1. Do any residues in the range 1-20 that are more than 16 Å from A83 (Cβ to Cβ) have Cβ atoms under 6 Å from those of residues that are of a type in the set (G, A, S) and surrounded by fewer than 16 Cβ atoms within 10 Å (Cβ to Cβ), where the two are at least six apart or on different chains, and which pairs are they?
2. Of the residues that make up the range 109-120, is at least one part of a loop (DSSP other than H, G, I, E, B) and at pLDDT 90 or above?
3. Which residues, taken from the range 16-40, are in contact with a Lys or Arg (Cβ under 7 Å, 6 or more places away or on another chain), surrounded by 18 or more Cβ atoms within 10 Å (Cβ to Cβ) and either charged (D, E, K, R) or at pLDDT 95 or above (or both)?
4. Name every residue in the range 153-172 that is under 16 Å from A45 (Cβ atoms) and out of contact with any Phe, Trp or Tyr (no Cβ under 9 Å at 6 or more places or on another chain), in order of residue number.
5. How do the pairs read when you match residues in the range 110-139 that are within 17 Å of L155 (Cα to Cα) and among the polar types (S, T, N, Q) with residues anywhere that are surrounded by 18 or more Cβ atoms within 10 Å (Cβ to Cβ) and modelled with pLDDT of 90 or more, using Cβ under 6 Å and keeping only pairs 6 or more apart or on different chains?
6. Within the set of pairs 6+ apart or on separate chains, which have a first residue in the range 83-103 that is surrounded by 10 or more Cβ atoms within 10 Å (Cβ to Cβ), a second that is charged (D, E, K, R) and modelled with pLDDT of 65 or more, and C-beta atoms under 6 Å apart?
7. Which of the residues spanning the range 177-199 are without any contact (Cβ under 8 Å) to a residue 40 or more places away in the chain and either within 24 Å of D80 (Cα to Cα) or buried (at least 24 other Cβ atoms within 10 Å of the Cβ) (or both)?
Amino acid sequence: MLCSACHGLLVRLRAPLCSRCGAQTAWPVERCRECAGRRVAFTTARAAVTYLGPARALVRAWKEHGLRRAVDQAADLVADVIACPSADVITYIPPDGDRSRKRGYHPAEQLAAELAARWGLATEPLLGRARPVARQTGLSLAERRQNVRGAFTALRPPARVVLVDDVYTTGATVGAAATALRAAGARSVHAVTFARAVR
């Protein structure tokens, strides 16, 4: 999916990182500027690469242009950069009905299945959509959080969960999903994404 030159341009997200949200930092911190001072439902959040250059092109080809084989490369990168969290099950951000019907598949579910195979965990659909959500593109951080607040519901009580999505932009989506999982009794929720927007 990526030539060797573009593969080499992918920026892996390695330490030092914020212990909670996984943002790159100048030195290791428990909570960074991005997640300090607000309630964060996930236990940790980690991404494999920054959402720039070839990573952005790969995600676009995967999500918008139907290049399903890109999930193999994405999962390989995630498994190479991120150690498997201590968890009992892998789940994923549930599909939005309209967008998933147009695509014919759901990227987050694909990535969760590939990571489950690599990490030896079961994949379960633990989340559902409580209501429709407008597209997040173009929304401010506050608008994104408001847009997804209460958007998810847990389908059954989970335990220790890896929550998978394709891209971590502001953390609003994984935060809302983690809130639903914690409300249903999850002891821990570790968010894992292929890419992360860096501000």
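The values are calculated or read from the model by the stated rules, or taken from the named source; none is laboratory data. All figures in this text were calculated on a predicted structure; none of them were measured in a lab. Cβ placement follows ideal geometry from the backbone for every residue including glycine, while neighbour counts extend to all protein chains displayed.
1. Once the first residue is more than 16 Å from A83 (Cβ to Cβ) and sits in the range 1-20, its partners that are of a type in the set (G, A, S) and surrounded by fewer than 16 Cβ atoms within 10 Å (Cβ to Cβ) give L9/G53.
2. Initially, the range 109-120 is screened for residues part of a loop (DSSP other than H, G, I, E, B), giving 120.
Add one more test, that the residue is at pLDDT 90 or above, and what stays is 120.
Looking for residues that are part of a loop (DSSP other than H, G, I, E, B) and at pLDDT 90 or above, one finds at least one in the range 109-120, hence yes.
3. Step one: list which residues in the range 16-40 are in contact with a Lys or Arg (Cβ under 7 Å, 6 or more places away or on another chain), which gives 18, 20, 22, 30-31, 35, 40.
Of the ones still in play, those that are also surrounded by 18 or more Cβ atoms within 10 Å (Cβ to Cβ) are 18, 20, 22, 35, 40.
Within the range 16-40, C18, R20, G22 qualify.
4. Here is the first cut: in the range 153-172, the residues under 16 Å from A45 (Cβ atoms) are 160-172.
Correct list: R160, V161, T170, A172.
5. Correct list of pairs: T123/I90; T123/A112; T123/A116.
6. A87/R160; D88/R160; V89/E124; T91/E124; Y92/E109; I93/D165; P94/R129
7. Within the range 177-199, A186 is the sole residue that qualifies.
For (1) buried (at least 19 other Cβ atoms within 10 Å of the Cβ); (2) at pLDDT 95 or above, each residue gets a yes or a no:
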site: R12; (1), (2): no, yes
site: V49; (1), (2): yes, yes
site: A55; (1), (2): yes, no
site: L58; (1), (2): yes, no
site: E64; (1), (2): no, no
site: R69; (1), (2): no, no
